[in-house]
Structures are given as structure tokens and as C-alpha cells.
1. If you scan the stretch 55-96, which residues turn out to be in a helix (DSSP H, G or I) and either over 20 Å from Glu125 (Cα atoms) or open to solvent by 20 Å² or more (accessible area, probe 1.4 Å) (or both)?
2. Restricting attention to the stretch 258-294, report how many residues are in a strand (DSSP E or B) and surrounded by 16 or more Cβ atoms within 10 Å (Cβ to Cβ).
3. Determine which member of the set Leu231, Leu268 is in contact with a Ser or Thr (Cβ under 7 Å, 6 or more places away or on another chain) and either at pLDDT 95 or above or not charged (D, E, K, R) (or both).
4. Give the residues of the stretch 343-397 that are in a loop (DSSP other than H, G, I, E, B), of a type in the set (S, T, N, Q) and farther than 20 Å from Ser306 by Cβ, sorted by residue number.
5. Using beta carbons and a limit of 8 Å, which pairs, at least six apart or on different chains, have the first residue in the stretch 267-282 and touching a residue at least 24 places away in the same chain (Cβ under 8 Å) and closer than 20 Å to Arg187 by Cα and the second one open to solvent by 10 Å² or more (accessible area, probe 1.4 Å) and among the polar types (S, T, N, Q)?
6. Output yes when any residue across the stretch 173-195 is out of contact with any strand residue (DSSP E or B) (no Cβ under 9 Å at 6 or more places or on another chain), under 29 Å from Asp88 (Cα atoms) and surrounded by fewer than 24 Cβ atoms within 10 Å (Cβ to Cβ), and no when none is.
7. Of the residues Gly116, Gly139, Gly106, which is farther than 23 Å from Phe202 by Cβ, out of contact with any Asp or Glu (no Cβ under 6 Å at 6 or more places or on another chain) and either of a type outside the set (A, V, I, L, M, F, W, C) or open to solvent by less than 20 Å² (accessible area, probe 1.4 Å) (or both)?
8. Pairs please, first residue from the stretch 331-353 and in contact (Cβ under 8 Å) with a residue 40 or more places away in the chain and more than 17 Å from Leu291 (Cβ to Cβ), second anywhere and open to solvent by 60 Å² or more (accessible area, probe 1.4 Å) and part of a loop (DSSP other than H, G, I, E, B), Cβ atoms under 8 Å, 6+ apart in sequence or on different chains.
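The values are calculated or read from the model by the stated rules, or taken from the named source; none is laboratory data. Worth saying up front: this structure is predicted, and the values here are computed from it rather than measured. With ideal geometry, Cβ positions are generated from the backbone for all residues, glycine too; neighbour counts draw on all protein chains shown. The area values use the complete protein model at the heavy-atom level, side chains included, leaving out ligands, DNA and RNA. Shrake-Rupley method; radii C 1.70, N 1.55, O 1.52, S 1.80 Å.
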Amino acid sequence: MKKLYSILLFLGFLFCLSFKAYGQETEQPEGQTELPSELRQLYAQSAVLMDADSGRVLFEKNGYEQRPMASTTKIMTLIVTLENANLDEIVTVSQYAAGMPDVQLGIRAGEQYRLGDLLYSLMLESHNDSAVAIAEHVGGSVEGFAEMMNAKARDIGCFHTYYITPNGLDATDEGGIHSTTAEDLARTMRYCIMQSPKREEFLTITRASSYSFGDTEGLRSFTVGNKNAFLTMMEGALSGKTGFTNNAGYCYVGALRREERTFIVALLACGWPNNRSYKWSDTRKLMSYGLEHYTYREIWEEPALSTLPVRGGIPKSGSLDDVAYTRTELAAGATAGHLSLLLSQEEQVTVEANLPDSLTAPVEPGTIIGSVRYYLDGEIVQIYPITAVDRVEPVALPWCVKRIAGKYFL
């Protein structure tokens, strides 16, 4: 009886630890002055809310810690495929692809499918066998495709992401662990829906409610349905991808667009079975916070620009007793008098004009000589170059000879 009591006491202790881990309050993120009350309790161990237009992180909880990402990987698999292959190409299924663990479409070695059809299987129901078949076709091998994924990650500024598999199954190799950060995951989604030349194709596939297709011989047919519940959860839901592995836990990345505002939420390690609903709770909470607290505000300020003296320059009067000057202006395209930024009510933008005290001849019109900078919390959010308006030639020997000749001989 005493032994049974000890076992029950130990199990109760483990339960309390587990409860604390998933009901704990979010710690204050470094550099964030005051934690919003709405976000003091998030289940995800890493979370990011991003403004998709600017790429600015509006909120983060351990947003720069590297963790396994599970099937959220597949947004990169999709965009790399869209940008590097013809969707009418025919994919032949390998034995390796057919042997992938669940979740599976159930394709068989030797079967052939249209590449574009397999992309719906990849994204709507997150089939691991389809992911490998796609990767082998586009990259020549899984390893070759992973190199393409990692190259794209570097191109878009995701320097804390490492891909090994196209489907997100837990993996480790000599390069590290298949992993990302919540910030990198949000940045990847931003590229997919805002910046990629194939963004419309990406949205078409990820927003489809269902899709039917078959193999090229017409012997088998499939219908896949979209498992992304967020698409019907909130008005303006745009795209998203779920994920789960034993190491990663439940993960999610999703985007929402409403009233010209586009938000991205990325979550890593957002619970383990039986807590699959936690990711939806966190996503709704973060999206609602963005919608409630952030609006576009006009922050344009007309900079006060003046003329600058030019040392060693020929003054307009032609007399060396005078000083040469050039007028200054904002560079072409920066004078529209309009600049808006997604801001909370508490955030304030400061503007600074940065110009030298003087210039040195020669000065050509259009030469960049300074900048107008907009700061938010000490970070630069917008820069407009300042250019010289007037040409100022240097005082040189030919000019001096000409001046002397004109004064004494003419």
C-alpha cells in the first residue's frame, strides 16, 4: 500500500508540472516594455505576431529560439516547388517516397502523378509521401531539395532555419536539427503570401477547401480536404499550415487580412496530445490582439531642409569673397507627402534629418548627401535619401586663370 501511495504521489507531481507548463503566464519578452494583458497566457513555447506588410514583429514570446517545426515545413516545400518547376510535369513515385510514415496519401512505387495535383495533397492533408515524391522530382533527391529549401531560407533572411526533410518529420544530420524559429517561420509565410512571384498560386492551393485528382493512368482517384480549421475560424483568414511531431508538438503558421491589414501568427511547441486545440486558441488570441490594437497611422513629416555651404566651390557670384552653396531636397519619389505605418496607440515615431555641416566641391545634382530617418522605439522604420540640387564646381587652376585674365586684360 505504501508503494502504491508513492507511485500515485509521483504521478500527481508530474501532472502538476505538466499543468504548470501549459497554463503558465508568458514571461516578459526582452525589450518589450509592458506585456499586453491579453497575451499573458499563451500555450505555445514560441510565438510571433508579425505585420506582413513591413515584416515588423509586433509581439514575440521566445520568438528567436530554434525549435522543431513539423509540417509547417511544407510552406517552404510548396513555394520552392512553385518557383522551380512546371506543375504539369509528371512525377514518378519512388519506393522511398511510398514508404513514408503517416500521414499518407497512399501513393505506390511506380505510379505517376501530375506535380500540381500532388501539391494539394501536400498542403490540404499534409501527406508525407507526397512531400517526398515532390522533393525527389524537383530536387533530384531529398537532399538536393533540402539544399534548395535552405538556399531560399537564406535568400529571404531566415538565418536560424535548417531544413533536412521536405515534410517536417523530426530529423538530425551533421548540419544540425530540422528546425526554425517562430520569427523565421512568420518571415517564410510573409514571403509566400506577400513577396514571392508565385504568391497567388500559393494562396490558391492553400485556400482550397477540397481537391480531386488521380494518377496519370486513371486507375486511382483521390479527394483531399483542407485540414486548416483557421480558414473558417476568423473573418479574413488567408492561409496557413498545421504541423505535429513528437519532438515539435503542435505547430501552426497562419495569415489573416482585414481592412488592409495583414497579420501573421507563428507558433511552435504549442502543446502535445491531447492538446491539439491550443494552437487555435493562441492563434485567435494573437490575431485578435493585432486587429484590436494596431491600425495604420499617417506619420509623414515634411523635413526642414536648408542650403549647405560647399568648401572649395565656385560661388554663383563668381567672387571668392562669397561662399558656394547647394540647395537640398528629398530624393525623387520620396516627396509624395504620404507615409503610413501599422502602429498601436501607444507607439510614437520620431523623425530626424541627418546632414553634414558642409560639403566639399565638386558637387553634382542628385548626389546623396544625407537622409531623413523615421524611428520607432529606436529602430529605423523608413529612410529617405537627401540629395543636392545645384552643381558646384571646384575652384581650380583653369578657373583662376580665366578669372585673372578677365580682370586684368579685358
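1. Matches in the stretch 55-96: Glu83, Asn84, Gln95, Tyr96.
2. Here the count works out to 8.
3. Answer to the selection: Leu268.
4. Once the filter is applied, which keeps residues that are in a loop (DSSP other than H, G, I, E, B), of a type in the set (S, T, N, Q) and farther than 20 Å from Ser306 by Cβ, the stretch 343-397 yields Ser344, Gln345, Gln348.
5. Sorted first by the residue in the stretch 267-282, then by its partner, the pairs are Leu268/Gln45; Ala269/Gln45; Cys270/Gln45; Lys279/Thr242.
6. Yes; the residues of the stretch 173-195 include at least one that is out of contact with any strand residue (DSSP E or B) (no Cβ under 9 Å at 6 or more places or on another chain), under 29 Å from Asp88 (Cα atoms) and surrounded by fewer than 24 Cβ atoms within 10 Å (Cβ to Cβ).
7. Gly106
8. Filtered contacts from the stretch 331-353: Val351/Glu301; Ala353/Ala304.
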